[in-house]
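The next block holds one structure in the form of structure tokens; read it before the comments.
The values are calculated or read from the model by the stated rules, or taken from the named source; none is laboratory data. Since the model is a prediction, treat every value here as computed from it, not as a measurement. Counting neighbours? That spans all protein chains shown, and the Cβs are built from the backbone with ideal geometry, glycine included. Heavy atoms of the whole protein, side chains included, go into the accessibility calculation; ligands, DNA and RNA do not. Shrake-Rupley method; radii C 1.70, N 1.55, O 1.52, S 1.80 Å.
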Number of protein chains: 4
Amino acid sequence: MKVALFGAGRIGKVHAASIKMDPRSELVAVTDVMSDAAEALAREHGIEARSPDAILSDASIDAILIASSTNTHADLIEAGVKAGKAIFCEKPIDLDLARALEIRKIAAGHNKPMMMGFNRRFDPNFAAVKTALDAGEVGKGELLAVTSYDPAPPPVSYIKVSGGLYRDMMIHDFDMCAFLFGMPAQVMAHGSCLVDPEIGVAGDVDTAIVVLTYADGRLATIRNSRRAPYGYDQRVELLGSEGMLAAENEIENTLVKSTSAGVVSAKPVYFFLERYMRAYAIEWSAFVDACVDGKNVPATIQDGVNALALAEAANRSRVEGRPVELNSIMTGN
Amino acid sequence: MKVALFGAGRIGKVHAASIKMDPRSELVAVTDVMSDAAEALAREHGIEARSPDAILSDASIDAILIASSTNTHADLIEAGVKAGKAIFCEKPIDLDLARALEIRKIAAGHNKPMMMGFNRRFDPNFAAVKTALDAGEVGKGELLAVTSYDPAPPPVSYIKVSGGLYRDMMIHDFDMCAFLFGMPAQVMAHGSCLVDPEIGVAGDVDTAIVVLTYADGRLATIRNSRRAPYGYDQRVELLGSEGMLAAENEIENTLVKSTSAGVVSAKPVYFFLERYMRAYAIEWSAFVDACVDGKNVPATIQDGVNALALAEAANRSRVEGRPVELNSIMTGN
Amino acid sequence: MKVALFGAGRIGKVHAASIKMDPRSELVAVTDVMSDAAEALAREHGIEARSPDAILSDASIDAILIASSTNTHADLIEAGVKAGKAIFCEKPIDLDLARALEIRKIAAGHNKPMMMGFNRRFDPNFAAVKTALDAGEVGKGELLAVTSYDPAPPPVSYIKVSGGLYRDMMIHDFDMCAFLFGMPAQVMAHGSCLVDPEIGVAGDVDTAIVVLTYADGRLATIRNSRRAPYGYDQRVELLGSEGMLAAENEIENTLVKSTSAGVVSAKPVYFFLERYMRAYAIEWSAFVDACVDGKNVPATIQDGVNALALAEAANRSRVEGRPVELNSIMTGN
Amino acid sequence: MKVALFGAGRIGKVHAASIKMDPRSELVAVTDVMSDAAEALAREHGIEARSPDAILSDASIDAILIASSTNTHADLIEAGVKAGKAIFCEKPIDLDLARALEIRKIAAGHNKPMMMGFNRRFDPNFAAVKTALDAGEVGKGELLAVTSYDPAPPPVSYIKVSGGLYRDMMIHDFDMCAFLFGMPAQVMAHGSCLVDPEIGVAGDVDTAIVVLTYADGRLATIRNSRRAPYGYDQRVELLGSEGMLAAENEIENTLVKSTSAGVVSAKPVYFFLERYMRAYAIEWSAFVDACVDGKNVPATIQDGVNALALAEAANRSRVEGRPVELNSIMTGN
């Protein structure tokens, strides 16, 4: 299976490695608006840096992997559909829910696999929560708590084009809730600027709690912070009628040092590249499974729409200071 | 220091043991509307079961410990104040905030120590969180998460007179938030009936999430469930600008069994008597410190009012489906 | 059941508290060669300080608890037997195995309960290992590892009269091996002086490893150090044919602090009084069970002899630099 | 740097992947007495399966990686030295210490890097122990305990040609002791056959404890079992004058499931391929560092001789039932 990569940045490189690791897929081309980045990555993999058009019109290319900047995702999905390619796209579809819904319509008739890059679904720890929940190991799910703290805030320049914390950062946690509990009925969002005042000046929050209420009474809560001085904190805790499931952080190493000062363990692995390294490879293999073996795509464009709708609801909730019904967000679909 | 105990039930027995353990205090009398219970406890401690009046009018008794049913607390505090006794009272002051505010006024001029039984403040694990936070070990507090699950729901007959989950169960967690973060500006409550439908029929919830918003942007969340099949789950997690503090559960023993089926550790200690055994003794000693050494009372009647006001706000928030300002609750104080 | 206490030192006080805690036993007298210590403890408990003879000849006293210095144990057991008392004696019977064997003979016909204070058998963590092993939860035991480090070495003056590390400190670990695995066939001892050169000058070691070989091939190892800067380290690990059992340390509190410097947990509880507080109370209740309900004594004088024989074998092994057969030690019994 | 691989079995495949992962090294040829295995691996990597001679005489090949069966190691090192190749060789040099010493002599003048595959030195957890010890974080090392259990015993046919547990399995642990504590003065070995009677029939043990005594009084102990039903158990614990270092197992995932049955965590990762996956990659990079950047080889042929000498001493100790001096083993070097 021949694959072309759109985007030669940090996440593009991760995906290039995953493509290489799966013996069923082969990276054959890369493109990036930063031609230097494209050239460098092409050299490293012994492939060609090409133009988007050259890639899309090359019938020998089976699939495209969209890892370029967010504002290009929707157009590239559209172009990929038109070109008849299998499509793997990094989240989100678009920052604008209306545009995402449009893309969903365009993609509806596409007869090739189309997958959204919700990498955390493939993290072995979170996947183990899902497996145990589905197997009924803790009975029926009741209370879900997702904790997700970045080690340090991004530059404010990034914040300004990010779409805001709920769309940019919490979107992964919205997807985790949807992955484990499905879609809620209502969203209540709280947010503050405690980490970097500049983030507040830019109109965004850096510290947030969101509560999701489900039609059947289940509850979920998400905690986000743009700063955790001890590293990337990514945990899920799920109380069910017969027990609890908790996925803890992965740590740098297993050394424990005990001295008169206390018992010291290693910190969580630093950031998403370290924590989700395995998840990215597993995620890619799942896409190849869909392309090669016709398996179901485990993170669909509908999942992308869902996460975006939750982010939209959270934004509205925070601004208006009241719970927002999902129905009101999805109206017009 | 001579002490009389009001209430010979489960929690009364715990306090009797604490009184005995501190060499500075002596249990001299007990009273209970269930005279059998009073007699039994009296026999066990080689003391007298007496009437409330006999106790209150006995000038040799320095302090009363109120561990009788909730609906007697306010009247007994009032009587204790009139009788000039030092007073230790189990939470809550009363289920009715207005009555609690009245009691606060009555108690205002009382020149003896008066302490509310917020036992969790004295749990060595939570106390260690407080100490570390106050010492600046994780910088400024930002996000607080209190988890508090009972092992199993009480009978519905109890639920009906309990004042509801927010006043009966979550009141401890409200106090924990107040203990660590002070009083918030706003309360948003969510609640469901997932554990026992009869609890819903009785008009109460058994599963709840509350979010507290502070004037300076700090956020706190409380999770409650009336059921945790693995036992009493009592944890606190606090993200600060320079790190995180987490107080984990205490467990039954430290045995770890590794077999082909997995690695199995002991469950948390079963319920509050086991978990807070040490806390009750430390709490009592703190009261004796106040009575004997003139130290500050570490859980005041104002703390009792505060927790009740938060519960009141939570009740209103859940019923009205919107955030409630604390100011609106405290109005009229 | 009326009890008299021999020895009002540190461990005597612990036992006095345990006697008080069990409602079936009553402390009625105390004696100590340090009459001040005896008087102080007597005052605290509202009892009498008496002479040993007065205690032994008082027919109303059912049991004696021997917590005086090691060199008095054997004589007091002998006197207690003669006086017809139930006897609880702190380990060891004597530093001299021959004398211990003599005492065993004397005690053989005694028709009252006689128990050795091997407190660790009653530690809930180690007891859980025993229970799981006996229940076959990890199949047949194969490899046992006992770790036992004191937080800091005692003064050399103590070392000089202690009988040496194997008899004084490791005797508890020998009993733990006997408790879990029974008596071995062979002992190989290694020892060094690494902690305090004065201990070496006194002819003793402060760091030691002993390997026990069982007739059926099972193996056990004990590690001892007189110094663990992080506190009292008391662990057991047992590999069986179907799994492993490990009893970990108890810790001061459950606070976990995560900062850029790492993840810090609390240290183990400091020393034996903290770690074995619960064990001492359970141990005493087991003795009362034997006295009052006729239950089996869970740590017999034979157990005391066994531990001493292992210490003796270890001493000989270290001096002679070769494995020593238990048979050769027990010869003459 | 062009590399040829000797041995296309399980460990050969691991090394092939490591060679591929380091951008500075390129796998160009493979050879194996099982030509099918060589062909398969060659196909997978798009390289040639060649004869040993063809490889050794090919001047374009910079380094050989010896991952063939143990009995070929010595001859291949010799041939590699003669051919002027950099050499990476799996442990052990040979099962016979005399032959290993011969090889050491032959290799003495070799002016290319020569490294032994002691992969555990590169495990991030054990490496962290070494780093902390060298940095003085726990003062001076005193007591070392290495635990190393395989999940399940190999077939007896393997045991018969393995050289026995001390040479085949414990050799890694001997190297770990040497890595952390250097070479001891004395070895005392104990061993039993508890796992599989056929192993005993073959003259070997499957359960073993070895104690190493150092000239300066430090002590080390190694525990081995051919069976741990919960998976590969690989831990190191080191008590120093100022604290303890412990490297715990890596686990399959971080899921913790709490139910009425207990709190269940994941097992250790299954076996050496899973546990040491990262270590193999880091190890290979260290060899490339030596070849390309002239860095020191972190596991020398002397390290290989040392581990073998310890195994030899352990064998003799167990057979003769007494401690064996290392000097007596090294005599004749």
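Key figures
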read-out	value
Given 15 as the ceiling on other Cβ atoms within 10 Å, longest exposed-site-free region of chain A for chymotrypsin sites (Phe, Trp or Tyr not before Pro) in DSSP loops	A:1-269
Under 27 Å from the Cα of B:LYS295 - lysines, other chains or at least 8 residues apart	B:LYS2, B:LYS13, B:LYS20, B:LYS82, B:LYS85, B:LYS91, B:LYS105, B:LYS112, B:LYS130
Percent of C-alpha pairs per 10 Å bin, the range C:100-150, short to long	18, 33, 27, 22
Teacher prompt: C:GLY84 distances to equivalent labels in other copies, 7 Å Cα→Cβ, nm	5.7, 10.0, 10.8
Scaled radius of gyration (Cα, divided by 2.2 N^0.38 Å) that the protein assembly as shown gives	1.03
For the range C:180-333, diffusion coefficient by Stokes-Einstein and Kirkwood Rh (Cα), 20 °C, 1.002 mPa s, µm²/s	114 µm²/s
Value of Rg/Rh across the range B:63-202 [Cα atoms, Kirkwood radius]	1.00
Net charge of Cβ neighbours under 13 Å - reference B:THR70; Lys, Arg +1; Asp, Glu -1	-1
Point-to-point label distance, D:ARG24-B:GLU242, nm (Cα→Cβ direction, 7 Å offset)	4.0 nm
Using a 7 Å Cα-to-Cβ projection, B:ASP216 label spacings across copies, nm, ascending	4.3, 5.1, 6.5
As computed over the range C:139-188, the Cα convex hull volume per residue (Å³)	97 Å³
Relative frequency of Cα-Cα separations exceeding 20 Å in the range D:115-174, percent	42 percent
Charge dipole (debye, nearest 20) of the range B:2-112; +1 at Cβ of Lys and Arg, -1 at Cβ of Asp and Glu	360 debye
A:GLN302 paired with B:GLU198, simple spin-label distance in nm, labels 7 Å along Cα-to-beta-carbon	4.0 nm
Label-point separation in nm, B:ALA108 to C:ALA40, each point 7 Å along Cα→Cβ	4.9 nm
Listed residue (A:GLY46, A:THR72, A:THR31) projecting farthest to the positive dipole end of the range A:30-101, Cβ model	A:THR72
Listed residue (B:CYS291, B:SER317, B:THR331) projecting farthest to the positive dipole end of the range B:230-333, Cβ model	B:SER317
Computed Kirkwood radius, in angstrom, where 1/r is averaged over Cα pairs of the range C:289-333	12.3 Å
Computed [θ] at 222 nm, helices only, for the protein assembly as shown once each DSSP H run of length n ≥ 4 contributes -39500 (n - 2.57)	-12000 deg cm²/dmol
Accessible surface of the range D:2-112 [probe 1.4 Å, protein heavy atoms]: carbon and sulfur percent	52 percent
For chain C, alpha-carbon Rg relative to the globular expectation (2.2 N^0.38 Å, N residues)	1.01
FRET efficiency for D:SER260 and A:SER51, using Cβ-Cβ distance with R0 set to 56 Å, rounded to 0.05	0.35
Angle in degrees between helix D:277-293 and the longest Cα principal axis of chain D, rounded to the nearest 10	50 degrees
Two-decimal Rg/Rh across the range C:172-256, once Rg and the Kirkwood Rh are taken from alpha-carbon atoms	1.04
Dimensionless Rg over Rh [the range B:2-112; C-alpha; Kirkwood]	0.96
Fraction of the pair-distance distribution of the range C:1-60 above 15 Å, Cα-Cα pairs, percent	39 percent
Antiparallel %, DSSP beta bridges [both residues in the protein assembly as shown], to 5	60 percent
Label spacing, shortest first and in nm, from A:GLY139 to its equivalents in the remaining copies (7 angstrom along Cα→Cβ)	3.5, 4.0, 5.1
Chain C: antiparallel DSSP beta bridges as a percent of all, rounded to 5	55 percent
Inter-chain shielding of A:217-226 (mean C-beta neighbours from other protein chains, 10 Å cut-off)	5
Net charge of neighbours whose Cβ lies under 11 Å from the Cβ of B:SER51, counting Lys and Arg as +1 and Asp and Glu as -1	-3
Gap separating the Cα centres of the range A:173-213 and the range C:5-31, nearest whole Å	59 Å
Neighbourhood charge, 11 Å Cβ-Cβ cut-off, centred on C:ASP204 and excluding it, Lys, Arg +1 and Asp, Glu -1	0
Size of charge dipole - the protein assembly as shown - debye, nearest 20, with Cβ of Lys, Arg +1 and Asp, Glu -1, no other charges	0 debye
All aspartates and glutamates inside 12 Å of B:LYS160 as judged from Cα atoms, apart from same-chain residues fewer than 8 positions distant	B:ASP168, B:GLU198, B:ASP204
Cleavage-rule hits (trypsin sites (Lys or Arg not before Pro)) in the range C:106-208: DSSP loop, at most 12 neighbouring Cβ within 10 angstrom	C:LYS140
Equivalent ellipsoid, the range C:220-283 (semi-axes from 5 times Cα gyration tensor eigenvalues, Å)	24, 18, 14
